[in-house]
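Peer 1: Below is one structure. I have some questions about it.
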Amino acid sequence: MIGRTIRFVLLLAGWVLAAAAALAVWLHFYPSRGEVSLYLTSAVPFAVIAGVLALIIFAATRRWVMLTVGVVVVAALCYTQLPLWRAQTAPAGQEIVVVSANMLFGGADAAALARQVAAADADILSVQEVTPAGLERLRATTIARQLPHVFAVPGDLALGTALFSRTPLSGETEVDDETVLHNLEAVTDLPGSPRTRVLAVHPGAPLPGRTHIWQRDLELLGEHLRSLPPGPLIAAGDFNATWDHVRYRDLLHNGIIDATEQAGAGFLPTYPTDRAGGRPVIAIDHVISRGFVATSVRTFDISGSDHRGVVVSLVAP
């Protein structure tokens with residue numbers, strides 16, 4: 001009797017885990033609108049663990065039909081994640097380094113961020129949640145010497161954004177006045193890639209009861225990217241969306257590619273770092289580009305922020 005009960009509990013657990021993996025596959029392709037589906041989509045990568053556990057249970061209990069179904073589900077789920085783990089071949093060319101960092105209402109350690117920017121030998125820096133005081137602290141660091149050309153629109157709390165560049169900026173403008181946070185754009189002549197359009201982006205967060213703002217901002221950003229003329233482009237920032245959100249992948253058209261996908265960097269969570277022991281669980285900070293190939297992506301801690309920063313090396317063919 002006890003053996004049957006244990007077997008039943010194991011099989012029930014296996015089906016629940018397999019169902020979670022199947023749900024994750026569906027969420028990867030579903031254009032999330034409501035809070036529940038949007039938040040669950042952020043956890044899709046972790047469903048691989050659930051799927052593997054289901055396979056172990058089905059194999060141990062010799063449920064071969066269930067095992068076969070489970071293998072199909074897990075294979076489909078792995079297929080959705082495979083692009084992030086398969087690197088593209090990078091051509092020889094000039095390297096461009098891009099850094100993105102979120103200052104959490106301007107409170108992050110500007111000096112520590114400057115050390116990371118210097119260590120990376122960055123050419124472009126996108127900073128989100130830049131307050132007037134936070135911008136002054138950034139200007140007082142070595143960032144001002146390394147990246148002297150600045151387009152910044154600071155604001156209260158999360159509103160402000162700044163774009164720092166090693167090379168002169170021109171055509172500075174905001175991406176769209178209707179976005180809830182400032183999203184910036186300019187043109188610069190990067191080594192090996194003249195007239196590169198660079199964007200510092202920060203769509204609105206999908207806060208409870210305000211997911212429509214998140215949806216609208218990503219749609220506005222996507223419309224803007226699709227309206228741009230051909231040519232090299234780099235967009236870096238806190239996209240408030242993961243690889244598994246359809247609305248994020250909708251940005252990746254007209255030759256625009258995710259740096260993590262190009263570099264085969266895998267799962268690199270960046271948020272949140274202010275809870276759960278400081279270990280981030282979702283990847284919402286990204287660099288996307290056109291006319292470049294990403295050769296490496298890494299993250300770094302930022303004291304005083306709830307995000308990890310991102311460093312991306314791009315090669316201009």
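Taken together, the values in this text are just the output of simple stated rules run on the coordinates, not laboratory data. Note that the structure is predicted; figures quoted are calculated from it, not measured. Ideal geometry is used to build each Cβ from the backbone, glycine not excepted, and the neighbour counts take in all protein chains shown.
Peer 1: If we count every other residue with Cβ under 12 angstrom of T61's Cβ, Lys/Arg +1 and Asp/Glu -1, where does the sum land? Walk me through the numbers on the way to the answer.
Peer 2: Values: positive: R4, R7, R62, R63; negative: none.
So the environment of T61 carries a net charge of +4.
Peer 1: So what is the calculated 222 nm ellipticity per residue for the chain, using -39500 (n - 2.57) for each DSSP H run with n of 4 or more, over all residues, to the nearest 500 deg cm²/dmol? Don't skip to the end; give the middle numbers.
Peer 2: Details: 10 runs with 117 residues, N = 317.
Helix contribution divided over all residues of the chain: -11500 deg cm²/dmol.
Peer 1: Could you list S170, S296, S165 in order of exposure, starting from the residue whose Cβ has the fewest other Cβ atoms within 10 Å? Kindly include the intermediate steps, with their values, before the conclusion.
Peer 2: Working: S170 11, S296 17, S165 22.
Exposure proxy ranking, most exposed first: S170, S296, S165.
Peer 1: Using the eigenvalues of the Cα gyration tensor, what equivalent ellipsoid semi-axes result for the range 246-317 when each is taken as the square root of five times the eigenvalue, whole Å, largest first? Walk me through the numbers before you get to the answer.
Peer 2: Values: eigenvalues 119, 37, 16 Å².
So the three semi-axes of the range 246-317 are 24, 14, 9 Å.
Peer 1: How much net charge surrounds P230 when only the other residues with a Cβ under 13 Å from the Cβ of P230 are counted, with Lys and Arg +1 and Asp and Glu -1? Could you put the intermediate results ahead of the total?
Peer 2: Values: positive: R195, R197, R226, R290; negative: none.
In short, +4.
Peer 1: How large is the charge dipole for the chain, taken about the Cα centre, if only the Cβ atoms of Lys, Arg (+1) and Asp, Glu (-1) carry charge, to the nearest 20 debye? Walk me through the intermediate numbers first.
Peer 2: Details: 23 positive and 27 negative charges, 287 e Å.
Computed charge dipole of the chain: roughly 1380 debye.
Peer 1: Let me ask another. The range 228-245 to the range 32-89: how many Å between their Cα centroids?
Peer 2: 26 Å
Peer 1: Please arrange W64, W85, W15 by how many other C-beta atoms lie within 10 Å of their C-beta, fewest to most. Mind showing how you got there, number by number?
Peer 2: Values: W64 10, W85 13, W15 17.
The order, fewest Cβ neighbours first, is W64, W85, W15.
Peer 1: When the convex hull of the C-alpha atoms of the range 2-85 is computed, what volume per residue in Å³ does it have? Kindly include the intermediate steps, with their values, before the conclusion.
Peer 2: Details: hull volume 7.5 nm³, N = 84.
Here the figure is 90 Å³ per residue.
Peer 1: Right, here's the next one. Cα atoms only: what Rg and Dmax, in Å, come out for the range 98-252?
Peer 2: Reported Rg and Dmax, both Å: 14.9, 45.
Peer 1: In addition: From the backbone phi of the range 222-231, what are the Karplus-calculated ³J(HN,Hα) couplings (6.51 cos²θ - 1.76 cosθ + 1.60, θ = phi - 60°) in whole Hz, Gly and Pro given as x?
Peer 2: Coupling constants for the range 222-231: x, 4, 5, 4, 6, 7, 6, x, x, x Hz.
Peer 1: Counting other beta carbons within 10 Å of each residue's own, what order do F58, F267, F151 fall into, fewest first?
Peer 2: On the way: F58 24, F267 15, F151 21.
In increasing order of surrounding Cβ atoms, one gets F267, F151, F58.
Peer 1: Volume per residue, Å³, of the convex hull around the alpha-carbon atoms of the chain?
Peer 2: Details: hull volume 43.0 nm³, N = 317.
That works out to 136 Å³ per residue.
Peer 1: Can you check what the net charge comes to around A110, using other residues whose Cβ is under 11 Å from the Cβ of A110 (Lys, Arg +1; Asp, Glu -1)?
Peer 2: Details: positive: R115, R137, R139; negative: D109, E136.
Net of charged neighbours comes to +1.
Peer 1: Of all alpha-carbon pairs in the range 163-317, indicate the percentage at a distance above 27 angstrom.
Peer 2: Working: 2392 of 11935 pairs.
Cα-Cα pairs of the range 163-317 separated by over 27 Å account for 20 percent.
Peer 1: Using the Karplus curve 6.51 cos²θ - 1.76 cosθ + 1.60 with θ = phi - 60°, what ³J(HN,Hα) values do you get for each residue of the range 252-259, in whole Hz, with x for Gly and Pro?
Peer 2: 3J(HN,Hα) across the range 252-259, in whole Hz: 8, 9, 6, x, 7, 10, 6, 5.
Peer 1: How high is the FRET efficiency from D301 to I6, r the C-beta distance, R0 35 Å, rounded to 0.05?
Peer 2: Result of the calculation: an efficiency of 0.20.
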